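Undergrad: The structure that follows is given in the form of structure tokens.
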């Protein structure tokens, strides 16, 4: 685990704990990495509830309530779907905040429009969500592991920024 | 990621793929680490469905259907509860196999009976589950991270053994 992730998680945990707020995750391409990073912090059960590893589309629809028409129209890697995943997991777990992630980690599965390294991420709080699409493969040297690590770190940064903003 | 985990995951994926079978996870103390390890393998979506990060007792009961009386009687870290978690996530996801894990990663939360490093793990297939309790802290030098990594590796080994046995 990288030091920068460790520091981000400590800060995220401190803010949530101070505010008495809770967090959940919905992960596709990272398969549990974001939850693993968050729970690396001792005492994280005070603010981290858990979530859903939604690796297949079926779990996205059946467990998280993402409309299958939405997946068909926009693709599982889209801002629309990650926003729905985040909202779904927050409803399911009853947390104050949630984060979600869905991407093409590779080495296969990329398209011209969405090449390997394309990852969508969302932060949701009380129905107000922010979703972004990022490309983590500009150099063509990013491996599956690097795409997953880089996107998980980016999502932690997004969550931290959101928490800081909400606290103002 | 350790080489031994990488080899185990490759073998697990190869067997499941060959048999056309699927796998889900229910993770408490590891917070997503087992799912992350399984999905480090390219093409894992062919055999890995996803699962539930059940970090709090509420998610264990509400999402996985573990009876709250069971948690009260045996504790969240018990063979009874991990067996129920594995059964619950397998029902929820409709997979052929499931694994579950719940433990005391520390540094706090240990008791005389269940010291830090106590981890329960289960493998479930078609309602037939195997659950074990292990202690990963005999040396008193095991950190939270080591307990989580060691127990995740152990669970992968349990799953691999189960798959090999079932294949005979």
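Just so it is clear, none of the values below were taken in a lab; they were calculated from the coordinates. As the structure is a computational prediction, the values presented were derived from the model and not from experiment. Using ideal geometry, Cβ is built from the backbone for each residue, glycine included, and neighbour counts are taken over all protein chains shown.
Undergrad: Can you say what percent of the DSSP beta bridges in the stretch A:3-167, counting only those with both residues inside, are antiparallel? Round to 5. Intermediate results must be reported in sequence, preceding the final value.
TA: On the way: 15 of 25 bridges.
Counting only bridges with both partners in the stretch A:3-167, antiparallel ones make up about 60 percent.
Undergrad: Could you pull the copy-to-copy label distances for residue B:145, with points set 7 Å along Cα to Cβ, in nm to one decimal and sorted shortest first?
TA: Result for residue B:145, in nm, nearest copy first: 1.5.
Undergrad: While we're here: In whole Å, how far is the Cα centre of the stretch A:56-97 from that of the stretch B:103-124?
TA: Spelled out, the Cα-based centre of one part sits 33 Å from the other.
Undergrad: Let me have the 222 nm mean residue ellipticity of chain A computed from DSSP H runs of 4+ only, each contributing -39500 (n - 2.57), with the sum over all residues rounded to the nearest 500.
TA: Numbers: 6 runs with 75 residues, N = 168.
Mean residue ellipticity at 222 nm (helix-derived): -14000 deg cm²/dmol.
Undergrad: If you count, for every residue in A:142-154, the Cβ atoms of partner chains within 10 Å of its Cβ, what is the mean?
TA: Taking the mean over all residues of the peptide, I get 1.
Undergrad: Can you name the chain A residue with its Cβ nearest the rotation axis from A to B, and give the distance in Å as a whole number?
TA: So the closest residue, with its distance, comes out as A:32, 1.
Undergrad: So, one more: Given labels modelled 7 Å from the Cα in the Cβ direction, how far is it in nm from residue A:111 to residue B:74?
TA: A separation of 4.6 nm, rounded to one decimal place.
Undergrad: How far, in nm to one decimal, is residue A:11 from itself in the other copies if the label point is set 7 angstrom along Cα toward Cβ? Shortest first, please.
TA: 4.2
Undergrad: If you take the C-alpha gyration tensor of the stretch B:89-160, multiply each eigenvalue by 5 and take the square root, what semi-axes do you get, largest first, in whole Å?
TA: Numbers: eigenvalues 130, 26, 20 Å².
Square roots of five times the eigenvalues give 26, 12, 10 Å.
Undergrad: Next question. Rounded to two decimals, what is the ratio between the C-alpha radius of gyration of the stretch A:41-92 and 2.2 N^0.38 Å?
TA: Details: Rg = 12.5 Å, N = 52, 2.2 N^0.38 = 9.9 Å.
Normalised by 2.2 N^0.38 Å, the Cα Rg of the stretch A:41-92 equals 1.27.
Undergrad: Do you know the relative contact order of the stretch B:3-167, to the nearest whole percent, from alpha carbon pairs under 8 angstrom that are 6+ apart?
TA: Numbers: 303 pairs, mean separation 38.3, N = 165.
Relative CO of the stretch B:3-167 lands at 23 percent.
Undergrad: A further question on this structure: Looking at the protein assembly as shown, send over the antiparallel percent of its DSSP beta bridges, to the nearest 5. If you can, show how the numbers build up before the last one.
TA: Numbers: 35 of 55 bridges.
DSSP beta bridges in the protein assembly as shown are roughly 65 percent antiparallel.
Undergrad: So if we plug the beta-carbon distance of residue B:21 and residue B:1 into 1/(1 + (r/R0)^6) with R0 = 22 Å, what FRET efficiency do we get, rounded to 0.05?
TA: Values: r = 23 Å, r/R0 = 1.07.
About 0.40, to the nearest 0.05.
Undergrad: Would you mind checking the radius of gyration and Dmax of the stretch B:23-112 based on alpha-carbon positions, in Å?
TA: For the stretch B:23-112, the Cα radius of gyration and maximum Cα-Cα distance read 13.2, 44 Å.
Undergrad: Ok, one more. Measure nothing but the geometry: give the 0 to 90° angle between the long axis through the Cα atoms of B:79-93 and the longest principal axis through the Cα atoms of chain B, rounded to 10°.
TA: It works out to around 40 degrees.
Undergrad: Counting only other chains, and only Cβ atoms inside 10 Å, what mean value do you get across the residues of B:55-67? Kindly include the intermediate steps, with their values, before the conclusion.
TA: Numbers: counts 13, 9, 1, 4, 9, 1, 0, 3, 6, 1, 0, 0, 0.
Mean number of neighbouring Cβ atoms from other chains: 4.
Undergrad: Further question on the same structure: How big is the stretch B:3-167 by Rg and Dmax over its Cα atoms, in Å?
TA: Rg and Dmax of the stretch B:3-167, Cα atoms, are 14.8, 45 Å.
Undergrad: Something else about it: For the stretch A:12-51, list residues with backbone N below 11 Å from a point placed 7 Å from the Cα of residue A:143 toward its Cβ?
TA: Under 11 Å, as judged by backbone N against the label point of residue A:143, lies no residue of the stretch A:12-51.
Undergrad: Additional query: Averaged across the residues of A:20-33, what count of C-beta atoms belonging to other chains lies within 10 Å of each residue's C-beta? Spell out each step's value before the answer.
TA: Details: counts 0, 0, 1, 1, 4, 4, 2, 6, 3, 2, 4, 16, 16, 8.
Mean partner-chain Cβ count within 10 Å for A:20-33: 5.
Undergrad: Beyond 34 Å, what share of the Cα-Cα pairs of the protein assembly as shown is found? Please give it as a whole percent.
TA: On the way: 9263 of 56280 pairs.
When all Cα pairs of the protein assembly as shown are counted, 16 percent exceed 34 Å.
Undergrad: May I ask you to report, in nm to one decimal and beginning with the shortest, the distances from residue B:126 to the same position in the other copies, taking label points 7 Å along Cα-to-Cβ?
TA: For residue B:126, the other copies' label points sit at 5.1 nm, shortest first.
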